[in-house]
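The structure appears right after this line, and notes come after that.
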Amino acid sequence: MDKILDFNNLFFGDITEYKKLIISLFDSLKNVTSATYWSMDTDTPKGLSTVVAMEIINLILDSFDKISDNLYSNDLITHEYPFFVEIKEMIECLLLDPFYESDEYINLAITLFSDYFTLLEVKLLLFDGCSIELEAEEKVLREYDLELDKYVLRLDHYRDEFIALHN
């Protein structure tokens with residue numbers, strides 16, 4: 001089954017729509033309860049079953065694999081790629097944890113995903129028309145460095161949240 005969500009349209013299609021779609025998939029996982037999660041039927045009275053939840057999780061993770069390939073091969077996103085690898089791994093762990101016990105798991109996954117792709121949106125807006133960072137004006141580089149510094153501080157906070165959920 002080849003169901004991969006990808007926003008690649010000559011590398012970036014509509015990243016905002018992709019974000020909305022993935023966030024809505026994450027939100028749908030909030031409908032999983034411990035009772036429905038262990039149900040192997042696709043039809044449950046309330047909430048999503050294991051089968052449906054796993055389909056959604058696989059769709060998200062397969063999409064991330066495809067996005068990862070695209071980010072890795074893009075010269076403009078060189079510095080942000082390692083962050084993607086890290087948040088991808090954290091999100092995968094969160095989705096494999098007992099996320100049905102608390103919305104904290106899904107909320108953190110949404111925050112990690114959304115914040116990273118917002119950073120990409122900012123970079124693409126600032127570096128519009130550039131194929132590598134060195135082509136940008138000094139002012140753009142300084143502005144982006146400030147945005148990146150803020151992101152790194154938030155990511156440190158998210159790492160702490162992630163670790164706290166696992167202790």
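Prolate is the label for region 44-161. Its Cα gyration tensor axes, ordered a ≥ b ≥ c, give a/c of at least 1.5 and a/b above b/c. Distance between the 7 Å Cα→Cβ label points at I163 and S102: 1.7 nm. Summarising the amide proton neighbourhood of T33: residues at separation of 5 or more, or on other chains, whose placed amide H is nearer than 5 Å comprise L48. Extension gain, C93 to R154: 0.36 nm times the residue separation minus the Cα-Cα distance gives 20.0 nm. Couplings 3J(HN,Hα) for region 152-167, derived from phi with the Karplus relation 6.51 cos²θ - 1.76 cosθ + 1.60 (θ = phi - 60°), are 4, 5, 5, 4, 4, 5, 5, 4, 4, 4, 4, 5, 4, 5, 9, 9 Hz, where x marks Gly and Pro.
Any read-out appearing in this document is the output of simple, stated calculations on the displayed coordinates, not a laboratory observation. All of these numbers come straight from a predicted model, not from anything done at the bench. Here the Cβ is made from the backbone with ideal geometry for all residues, glycine too, and neighbour counts use every protein chain on show.
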